[in-house]
Structures are given as C-alpha cells and as structure tokens.
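The values are calculated or read from the model by the stated rules, or taken from the named source; none is laboratory data. This one's a predicted model, so the numbers in the text were calculated from it and none came from an experiment. Cβ coordinates were reconstructed from backbone atoms using ideal geometry, including for glycine residues, and neighbour counts include every protein chain displayed.
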Amino acid sequence: MSGFGALRDRLTDAAAAFAGGPGQVADILTGMVDDVDRALRENLEIFPVCHHSPASALAMARRLREKRPKVVYLELCEDLRPLLDELANCRLPVALQAFATDLDGFPAGAGPLSVVAPITESSAEYQAIAYALTEPGVELVLVDRSSDHVFQWMPKDGPGTAGGDGDTGHATADPAGEDAGLHGDAVGVEIGDLRPRFAELEAYLLHHGKVRHWSEWWDQYVEQPLADADYATYRQVMVMIGSLFRRLRPAGADRLDRDEDRERYMWTRMREHLASSGADPADCLYVCGAFHAASRVEEFGLRGSGGFEITPRTATRWSYGLIPSSHSAIEAQFSLAPGSVSIAAATWRKALRRGGVTPYTLDGKKGRKGGAGRAAPEAGVTDRLSGFLARPPEPGGLDEDELRSWCVDIVRLARRHGYLASTADAIAVFETSVLLAGMRGRARPTPYDFQDAAVTCIEKDAVPGKRDVARLCEILLGGDRIGQVGYESLPPLARDVYDRLEPLGLDPGRRTVQRALLNLDAEPHLAPCSKVLWMLRYLLPDGAVRPIMGSKRLGERSIQESWDVALGKYQRELIELGYEGVTVEQVLEQRLRRAAWDPKATAAGALAAVEDSIVFLGGRRFTDELGARAVELLSAERTVDDAPEVLRRMRRLLAYYRASEPALPAWCEAFVTTGYAHYCTLLPSAFTDEDTGVRQVGAMLGFLFGMESLALSLGCDRAQLELAVRQSHPERPAKVALLWAAQSQLGLIGRDDLRRRWDELLVNPLVVPSCPQYIGGFVQALELAPALTSFVVEVISKAFARLPDPVLLPWLPTLITTLREQAGDLVPALVKEAARTYPADLAGLDAWTPPWEAAPGRAPATAAPAASGPVADLLRAHPASCDALAALLGCDPAWPDAPDAPGAPGAAGGGSPGHGEAAALLGRHPAAAEALAGLLAR
Amino acid sequence: MLRAPAEIKFADELDYLESIDDGAKPFSWRLSPRMVRLFILGSEPSDGLDREIGQKWFGDRTFVERSIVTLASDRGLLLIGDPGTGKSWLAELLAAAICRNSTLVVQGTAGTTEDHIKYSWNVSMVIAKGQSRESMIPSPIMTAMERGVIGRFEELTRSTSDVQDALISILSEKYVSIPELDDDNIVFAQPGFSIIATANSRDRGVNDLSSALKRRFNFVRIPVVTSKKSEAEIVRFRTEELLRRHRIELDVPPTLLDILLQSFADLRAAAASANSDDERLESALSTAEQIGVLEDAILHSNFFGDSTLRAGTLAGSLVGSLARRSPEDLAILNKYWHGVVEPRAREGGDWQEFLDGGRQAIATLS
C-alpha cells in the first residue's frame, strides 16, 4: 500500500485550486508521486544521482557504508570498465576516453570519434567506483550503452555533429578558459544529467528562483537542503525532480527516445547479469541519473518485460585510455556555469571537514570499515516528500568564520593580481555578501553571493592583471583543478616517451613549460632524446615541444639544441597518440604510410614523406618503399600542378644522396627516368593548356634540363625532349618566353636571336602591353637555364627603359608580388647578376654603358684555352686518353707547342699576352714565388 | 511638467509599495532593498501583490541588486558604461525608490568647481549680513547630506580631478567643514546619505579617477544591451512614454521595430569587426540612440507626414542620426545599405521602402 496517498490528495487539490479543475496539471503532479512510489518499491535498489553533486556523493558514501552491496550497477558506457582499475594511479579529475580513428560502420570522414566521461572526486559515481574497487568481493558492472552505441544512436546527420544525446555534451570549439579545452572535441558522457529539457522551463525556474544560472539554482534549491538529509528523503526528492523534468519535456523529442532506449539497455543488461551471476537483487545497487530513476519504459524493473534487443556494435576498432581533465573542461563540455564544478568540489571538502562521513578513496588505502553489514531493508515506502516540500530549507551556505576568511583571502589574492585592495575592501565584501544574501532571500550568503560581492567591491573600471575578480573568486573557491594520469596508467607509447626523455631530467608531471638544453657534441648520449623530441614535434600540436635553437632538415645535424617542453600540459594529446601505436616511430611510420597511400596522395606528397622518413626515422627500407610509391604516383599523374614542389624536393633529395651515399637508391633513378619521360610527354599539352600555370611549366622544364645528365646516363633519350619542345606551341606570352628559353638551352636558337626577338617585342606597339608577361616567363626560365640570368637582367633593364609608363607603372606591383610568391629562390641570383652588371656607385652611372649595348669589338674576348698550367702539363704528359677521344670524335690530335722550361722567368706567361702583367708583378715582388718554389722543390 | 522625475511619475506605485513593505529598511530608506528591486524590475504574479508594478529598467537583475546593496553599505555607487545604456535612468530610479528624491543632482562638466559639490555664497547676503548659514548656498550633495538622502553626480569623469577629489572627504568622513564660519561650521551627513555617480566609459582617460576616490566607490558596469528581446522591450517602453508625453496617436508597427533593431544589430556587428575608427560609426549604437531614431521618425511622421510611421521615414531618421562625420560615417552607411539592406529588400516587405528612404537620405547628405 502506498504511503503517498495524503500527498497525492493534497497535490490534486492544489491542481484543482490553481488550474481550475483536474487536468494535465493534476496528472503531472500526481504522476510525479507515482514515479517516486514506483522507483522506491523496485526490488533492485535504485540510487538516483545528479552529476557533480556533493549531496549525491555524501548520500552515496553513507548508503554504501550502511548497505555494503555486493554488486554495483553504474550508468556508464560498459566498454569503459577496464579503465576504472587504472583510476587509482591518477590525480582526479581525469576522463575515461574511448577513441576510434579506423571507422567501420560510420560515415567516412566522421572520425576520429572520441567519447569522454570525466570523473571528479566530489561525485557519487567516484564513491561507488572507489567502494567497489577497494572492498573485496564487490563487483562493479557498467550497464549503459557502449561508446560505439553513443555514435550509433546519434541523429542521422552523422556522428560528430553538435547536439546532446541524453547525458552527453559536446566540448565547445572555443573554450573560454586556458584549461577548458582539455577534452578536445570529444563527446562527453556523464552520469546523472539533471536539467530542464527545454529552455523556457529553465528560464522560468531561474527567473522565479532569482538566480543567474542553473548551477546556482540547483545549489540553492536542491543541493543545500539535501546535503544533510536522510537517505529516504534524498532518494524521494531526487526521483521527484527527475520525474518533473521527464514529464515537462517537449513532446516527440528524439532525445527522449534515446534516453528511453538507454534505460531499456541498462535494465536488459542488469537482468542478464543477475541471471548469469545469480546475485541476490537485495545485495545490489543500481546507480543512475535521477532522470532515469523515474523511467516508465516497459523494461523498467526486475519484473519488466525483456523484449529489448541490443544492436551489435559496428566493426570500428576502439582504443581506451585515461586523459587528464579539469573543472573548467567539465564546465565547458556540459555547458555548466564557470566555477560551478569548483564550487561543488569546495562544498564537498567542507562537508568532509564537518565530519560524519568517511569517503571512499582509491589512493591505495581502503576506506575505514564502519557500520555493521547490510542495512535492514525498508519495510515499506514512507512519505518523506510532504515534509521536504512543506518545510523551508535549513539555512545552509557559508558560516560567518568561513565567509570572513574568504573575504580576507580574496583581498590578498586580488592584491597579488594588481588590484589596489585593502582591509577596508575585505570588510565591504563581507557586508555586501550578507546584504546580497538578505536581498535574495537566503539566510546566509552562498559562494555565489560572495562572488558578486567581491566583484562589486573590488572590481573597478579596469582589470589590472590577467585575471578579473570573478576568476579570482573561482581560484579561491578551489580553483580549476587539473587532473593528471599517472605513469602506470599511461599507454605504452607515452610511457616509452617519458622513459626516453628521462636523461633530460624533466619533470613529466609539471604543466608548465620546461626548458631542455642539449649539447649534442659534449653529451652524445642525449642524441636519442633529440630524436624523440623531433618526432614529437612532428606528431604533437605546436606548443607541446618547441625548438628554440636547432633545426632538423635533410642532411643537417644540430650541435646544440634548446627545447621548450610542455608534455604535462599536452598529456591528452600524447595519450591519444598512444592509441595509434606502441612507439612514436611506429606512429610516425603509420602516418607517413597513410599519407603516401592516401587515395588523394600526390607524388610531391610522397616525396615529402620520403624526406620526413629520412629525417626522422632514417631506415633505408621504409624510405625506399615510400620512394617507390612516389614513382608510382608520378607515373599515374595526369596534371602537372605539383611540378614545382616535385622539382624542389627531388633536387634536395638528390643533393642529399650524392653527399651521403655511395650510389643513388634505385627508386631515385627510377623517379628521374620516369619523371623525364612523364614530363616530356606532358610538355606540349602543358604549354597550351590554359589551366596550367607558367610556374608549373617552368618547373617541368627545370626538371627536364636540371636532371638531364642523370636521366641520359640512365638511358633516357634526348630526342624525346627535343621533340617535345618542337611540338610545343604556346600562345600565352609567358609560356612563349619559356619556350624560347628552352629552345635556347637546347641550342635551337642563339642568345642573339633571343635578344633580337625581345627588341622586336619592345618596339611593336601591339604587343607592348603584354611585355610584362614575357618577363614573367623569362624569370621562370631561370629554373631551367641559370645561365640566362644575365639575359634576364638585360630583359628587365630594357623593359624599364623602354616600356611606356601606362604599361610599366601598373605592372610594377605585380612584378614584386609575383617574384616574391613564385620565384623566391630565383631572385637572389637575379639580384646578384644585376649587382654585377650595374655600377656600384652613382658616379659610375654617368659613364656606364650597358654591356649589351657595348660595341662588339669592345666586348672582352673569350679567354683562350690555357696552354700552360698543371692541367695542360698533365695532359701533355699522358696524351693517350685525349688522343683516343680525338680519334673517336674524328679529330686530328694536334698538341700545341710546349712552353719553355717551366719555372724560367722569361717563360712565365709566355703563352698568353694577358699574363704579362702578372709576370711583371712577380718580377717586382719575387719573394712569394721564390718561397713557393722552395716549398715545391723540397 | 515636461518631464516629471521618477518619484513623481511613479508616486502611486511608490506609495503602494511603502504601504505594504514590512521588510527591514536600512537607515532612513523609504523602502526595503527588496521593494526597491521590485519597484525597478517590476512585479511578478508570484510576488502576490494586489497591483502590478511595471518594469522600469531592463537589464540583468544582478546589477540592480549589487547597486542597491552598495547604497546600503557605506560606499558610493559608480555606474559605468557606454553612453545610452541606462545608467542615469537607473540612478534616478534608485534615488526615487530609496528616498523619494532624485533631483539632488550635480552635473559634471569641465566647468564644474568644488563649490558645486560643497557650497557657495550668496554674495549680496554676505555683503549685507556677513558669512552665515543663511547666506550660504548648499550644493545638492550637501543638501543630500543634511537630509540623509541620495545625492547624484552625473558624468563624474567629465569634471577635473581636483574637483572629483572633493568627494573623497565627503564619502570618507561624511561631513563638510565650512572654515568661513566660526561656529556651526560642520555639516554632518545624516544616516541614509550616499552618492550615485555615473561615468561614461568612452571618457576613460579624460579625467581618470584617483585611486583614493576609486576606493570609495563600488563600480557597477552596465553593458550595452545585446539581447534583442530586452532591447525591443526597452524601445517599446520608452516610445510609449514618448507618445504619451506628446499626446500623439500613432502606431509603431512591430515590423518596423524589428527593422530598427536588426539594423542596429547589423551595424554593431560591423563596428565590432572593424579594424580602425574610420571603419566604425562614431555613434556608440546604444539603445538610447535607437530610441532617439524612433522618436525622431515618430515626430517627423506626426508633424510632417500622414500620421503613419513609414519605413522610409525611419530610414531617413536613422541615417540622419548616425551620419555624424562626412564622409566616413556616410561611407559606412552607404556600404551597409548596398551590402545588407539591398539584398533584404529583394525579399519584399518594408525593407524595400527602408532601402529607398535610406538611399535618398544618404544622397541628400552626400
């Protein structure tokens, strides 16, 4: 027989009085009482909780000591169970995480999927976990849907989309606080989400409760009155609130369907467990959110129907681990008011100090055994709700001493942060807190009143430091506690990293940036640390490890390195890296492999992977594999968009191999021959294709001419290139210029032809406007023919001299930006050549004649081949090879006369008139020559 | 009376609240703090009052509570915020509710002297009778001290620093000495005396408050209203008052109110993302300015139009009120009209007329 008859009657009367007759209001009010009655009569004891509620935690600790259940069922993703054993090694708050990157069964591109369940010390679930893990013979069973189901049951627009799912919250993209982003973009799950399910109801409650946000409402109207309530009252009130929010909800909400599915899931799992383990329901405790305690699904209860079929998980491979969390991260994840979790933690600590409850903890010690076994089962459900609803709440909040000490502390803290706060402010904060509490109808000030009072009295027109008074209050009330995952609970990769970095003497627990100095010459044993740091630099976000001095590039080695290491702060990222492999090398290899074998991979991307593999891993086998993949990708490419990147990387790699290896690797040779044939084939179409830029064509030609000697030595045919150039008929001026340069390089046209063509362009008024584009082409031509540098200087100089202002002036900015963007590495050569060509001072300018305008007769004659010197002497001494070569080429091997006996003063430079000056100089100052002769004679 | 002070305008509400108030009243307050809050923020059915009390100030409840408790403590209250955020209105309401007198006001200007804060002399009486309490002219602040009521200081940061510092002794020692008199030469503040000052945050740096004075004030920062719902309520509330005052029978169509609110929201967003002052309107785009634009449009429609508020007139008023600098402001408005209003006008409704009216106004001013 129900004990709630009287309450039900009173509520029906109240509904009739206020709503004008029986109807929906009466149904809701009496329905709430029915829900409470039903939940409390259930044979399996249901313990309703609210997330991050110290009152729930206190009630849980008391109840566990009283009842000592043998089995604890917990509303938490069932696949997270193995992680709970690791909690003992961590400093809370930490979050249990399930992480998946290899998706199977979810839309492509939805990953990585991540679920986090943060655990704080002041929560009921932590009490239940600590009890079950520290008491022998107690089984802890997680019964909620798996992480896989969290995403399976999400709305159809795909996982990863924003939106709540039952007790889930999405981490905000732009977390306000510095440590609020600890969870990344994971979906959060928590136990006991208890909040109005539509905005209007929440707004109504806040408005009439005269509070600012939900956390404050909850604290004032539920948390404080229930803090010292007996167990029966606690349960009844919690179920009633759960029922209220359940009954006042938007009709037909998807979210409710999912909540109900979860309830079916949990009850099905519990019944399965009871049947398989044979546990006595009287020895079990079911810990769930108050919202689920008031469930009305058919599967509810041990006698409920068992028709719910649990869908199988997808084939997605999930990894599990613990990541550090923080109060602010939890607040951001679940849209709680800033500071609310810190205040809850402070309330919890205060309640513990007050005594009466011994909490369970996991810090290696078991909680003190107290009480005498199982509590006597309740004979029937007695109504505690009437009393709770009729009685005004007991005065809670701060006591006077605590408030006074807070006032003093906040002033001290404010002073330390640059505020001009004094004892007078402490007094004012105290007075204002009391006045505010009075105005808000509270017998004593709450932490929220204190915060308002402190802001009113201490905050002035500007914040002098980094933190304002509201933030300082949060710090004072416990601050943003940041958890840490202990070494033993880290994944192998993270442990390996910590071990390998140990020689650096860094403290892995510190969240601040630590400086590591590596003198690699003096301390060669630190070289492996440097290697790990460079790999972490590649794999982790920017701030985790940052080189201040030292670099890691192809073929380079640092002598000294200096690093800023913040692995403590980026512990989550390191742990998530641990889901991908056992060592950083393995993860790096996987990443590079993934990049090279991606369906959208390009040859340039594969070459980048090759470069990274040489720099970071160093093994030949994997590099060759990546190189072979680059060859494969290049031959399959149909566009030449990446040609500049391919050219740049290949040049660098060839230089590296030539400098460090006795022979080029096979893949390099294959790449050059394939590239030669590939670019020759594509050259004619690239010249005419509108979409292919001049930079790309320049890079193709750069590849063809720059690697020509290597390609020809490997068996390529030069005729292929000549044909390709002859078949090219570009129309765009820049490409025409490129073609001319290519023809000149091939010897099809001479430098004079080029000069003539350019001069003709400059005098033809019809093509003058397009001259700048020709110049763009000539600049790009430096890529393929560095010898043209002097000609390009001439071309640009003539353009500046002759182009009319309406063409020249608008083009100048374009010239600068184009040079900077597209020809950054060609400009220094150009500038050097210009510096060589132009006079160095203003005075020289007047008498200066450009070399291209100088009379041909005045041009310096090309130097005659040296008839003397060590080379000539050597050849003359051993003429066989030259004679054989001459015979092969069909020339007559005629050796010029040998000069007179070497060393004779009269014969010095006798072969060349240009040497006369040198001979005269040596004659005047013979000392050096004589000393040299003496040295040689020795 | 062109504009009645709050204590006269809402006298019946104040009388009623005083009659039912059984809460503890600090000092000589006429209402308890809760009733002061109720007077300013309006009543709810759950308050169980016999009559409805209208909401007079729209904004976060916490600001009002913090202001009231400050006045109940021994510190002065400094309301700081952008122009047009309702600081002075809140100050007036607070003074009216607490002591039924909101008129003891000193207006801070560059020309304000210490005499305006303390006392001055009636020169002819001094010549005739010598210096005495009769020949002394007390300032509004001194009057407030003597009566134990609230004195107000508008635009505190507009007055020079030495004048501001005259308030330090008033707020600390709570008396003003009159050295010119031999006896009866100290005016003590009576219980209930406090000061509500307002300061414009845009004037920061003109005459900065000294640290000593800052210490004696609690600062309550009033932000610009960004909630569209609250802003609509404020504009409606003030416009109705205006219509009543001018005895104008004219309807403000809700669609036009939406257009006005939307335009200000757009322009504020543009100002927030601008990189320099030249790309930002000189106006603070406060709620008060919206009310000004609407008032201008209503008066224009009533006296020069057909007594119907039209979107074109509203656009003209908006351009006229916001285009203060030429060509910077006009360029910003022109850009807004072309970039935002024009696409909206394609959807039809009043936006088309708003577009035409605005273009015409911009063309006239350019």
Query raised in the report: Can you tell me how many residues in segment B:175-206 are within 16 Å of B:G76 (Cα to Cα) and free of Cβ contacts under 8 Å to residues at least 40 places away in the same chain?
Result: 1
Requested in this report: For A:P136, work out the one condition from (1) farther than 22 Å from A:K350 by Cβ; (2) touching a residue at least 12 places away in the same chain (Cβ under 8 Å); (3) not hydroxyl-bearing (S, T, Y) it doesn't fulfil.
Outcome: (2)
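If we keep just the residues of segment A:43-100 that are part of a loop (DSSP other than H, G, I, E, B) and over 40 Å from the mean Cα position of the chain (by Cα), which is surrounded by the most Cβ atoms within 10 Å (Cβ to Cβ)?
A:P69
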Query raised in the report: Would it be correct to say that B:A272 is within 21 Å of B:L365 (Cα to Cα), small (G, A, S) and away from chain A (no Cβ under 14 Å)?
Result: no
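Of all residues in segment A:433-447 being within 10 Å of chain B (Cβ to nearest Cβ) and small (G, A, S), which is farthest from B:L171 (Cα to Cα)?
Per the criteria, the residue is A:G441.
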Query raised in the report: Name the pairs whose Cβ atoms lie under 7 Å apart, with the first residue in segment A:497-525 and touching a residue at least 24 places away in the same chain (Cβ under 8 Å) and farther than 18 Å from A:Y570 by Cβ, the second of a type in the set (K, R) and assigned to a helix (DSSP H, G or I), and 6 or more positions between them or separate chains?
Result: none
Requested in this report: Would you mind finding the one in A:V463, A:V455 that is surrounded by fewer than 21 Cβ atoms within 10 Å (Cβ to Cβ) and within 14 Å of chain B (Cβ to nearest Cβ)?
Outcome: A:V463
Report task. Go through (1) basic (K, R); (2) closer than 28 Å to A:T456 by Cβ; (3) out of contact with any helix residue (DSSP H, G or I) (no Cβ under 7 Å at 6 or more places or on another chain) and name the single condition B:R216 misses. Result -> (3)
Report summary line: From the option list A:F450, A:F430, single residue qualifying as without any contact (Cβ under 8 Å) to a residue 60 or more places away in the chain and within 12 Å of chain B (Cβ to nearest Cβ) is A:F430
Report task. Look through A:D425, A:D468, A:D409 and report the one residue that is out of contact with any strand residue (DSSP E or B) (no Cβ under 9 Å at 6 or more places or on another chain), acidic (D, E) and crowded, with 21+ Cβ neighbours inside 10 Å. Result -> A:D425
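Restricted to segment B:70-82, and to residues that are more than 11 Å from chain A (Cβ to nearest Cβ) and under 15 Å from B:A197 (Cβ atoms), which residue is surrounded by the most Cβ atoms within 10 Å (Cβ to Cβ)?
Going through the qualifying residues, I end up with B:L79.
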Query - Those residues of segment B:198-209 which are surrounded by 19 or more Cβ atoms within 10 Å (Cβ to Cβ) and away from chain A (no Cβ under 12 Å), in sequence order - result: B:T198, B:N207
Query - Checklist (1) away from chain A (no Cβ under 13 Å); (2) out of contact with any strand residue (DSSP E or B) (no Cβ under 8 Å at 6 or more places or on another chain) applied to B:L94, failing item - result: (2)
Query raised in the report: When both residues are 6+ apart or on different chains and their Cβ atoms are under 8 Å apart, which pairs have a first residue that lies in segment A:203-223 and is within 10 Å of chain B (Cβ to nearest Cβ), and a second that is of a type in the set (G, A, S)?
Result: A:H208/B:S46; A:K210/A:G441; A:R212/A:A337
Report summary line: Over segment B:36-54, the set of residues surrounded by 15 or more Cβ atoms within 10 Å (Cβ to Cβ) and under 21 Å from the mean Cα position of the chain (by Cα) is B:V36, B:R37, B:L38, B:F39, B:I40, B:L41, B:G42, B:I53
Report task. All but one of (1) in contact (Cβ under 8 Å) with a residue 60 or more places away in the chain; (2) buried (at least 17 other Cβ atoms within 10 Å of the Cβ) hold for B:L261, so report the exception by its number. Result -> (1)
**Report entry** Elements of type helices (runs of 4 or more DSSP H) contained in segment B:252-366, each with 1 or more residues being under 22 Å from the mean Cα position of the chain (by Cα)
**Finding:** B:254-273, B:287-304, B:311-322
**Report entry** Pairs where the first residue, in segment A:770-794, is within 22 Å of A:P806 (Cα to Cα) and the second is charged (D, E, K, R) and surrounded by fewer than 23 Cβ atoms within 10 Å (Cβ to Cβ), C-beta under 6 Å, 6+ apart
**Finding:** A:V793/A:E833
Requested in this report: Would you mind telling me which numbered condition in (1) under 30 Å from A:T583 (Cβ atoms); (2) without any contact (Cβ under 8 Å) to a residue 60 or more places away in the chain; (3) touching a Pro at 6+ places or on another chain (Cβ under 6 Å) A:Q484 fails?
Outcome: (2)
Query raised in the report: Do the conditions hold for A:A863, that is, is it at pLDDT 80 or above, more than 50 Å from the chain's Cα centre (by Cα) and either closer than 30 Å to A:W895 by Cβ or in a loop (DSSP other than H, G, I, E, B) (or both)?
Result: no
**Report entry** Enumeration of residues in segment B:148-167 that are surrounded by fewer than 22 Cβ atoms within 10 Å (Cβ to Cβ) and under 23 Å from B:P26 (Cα atoms)
**Finding:** B:G148
Requested in this report: Would you point out the residue of segment B:210-232, among those that are touching a residue at least 60 places away in the same chain (Cβ under 8 Å) and in a loop (DSSP other than H, G, I, E, B), that is nearest to the other protein chains (Cβ to nearest Cβ)?
Outcome: B:P223
Report summary line: All conditions in (1) in contact with a Leu (Cβ under 8 Å, 6 or more places away or on another chain); (2) in a helix (DSSP H, G or I); (3) not aliphatic (A, V, I, L, M) are true of B:S19 except (1)
Requested in this report: Taking the options B:A166, B:A197, name whichever one is of a type in the set (G, A, S) and outside any helix (DSSP H, G or I).
Outcome: B:A197
Query raised in the report: Residues B:S67, B:S88, B:S102: which one is within 14 Å of another protein chain (Cβ to nearest Cβ) and among the small types (G, A, S)?
Result: B:S67
Report task. Restrict the check to segment A:403-420 and report whether at least one residue is under 23 Å from B:I222 (Cβ atoms) and at the interface with another protein chain (Cβ under 9 Å from one of its Cβ atoms). Result -> yes
Report task. Might you let me know whether segment A:473-481 holds any residue that is buried (at least 24 other Cβ atoms within 10 Å of the Cβ) and within 13 Å of another protein chain (Cβ to nearest Cβ)? Result -> no
Requested in this report: Could you pull out every one of the helices (runs of 4 or more DSSP H) wholly within segment B:62-134 that has 2 or more residues that are of a type in the set (A, V, I, L, M, F, W, C) and under 25 Å from A:T432 (Cβ atoms)?
Outcome: B:87-99
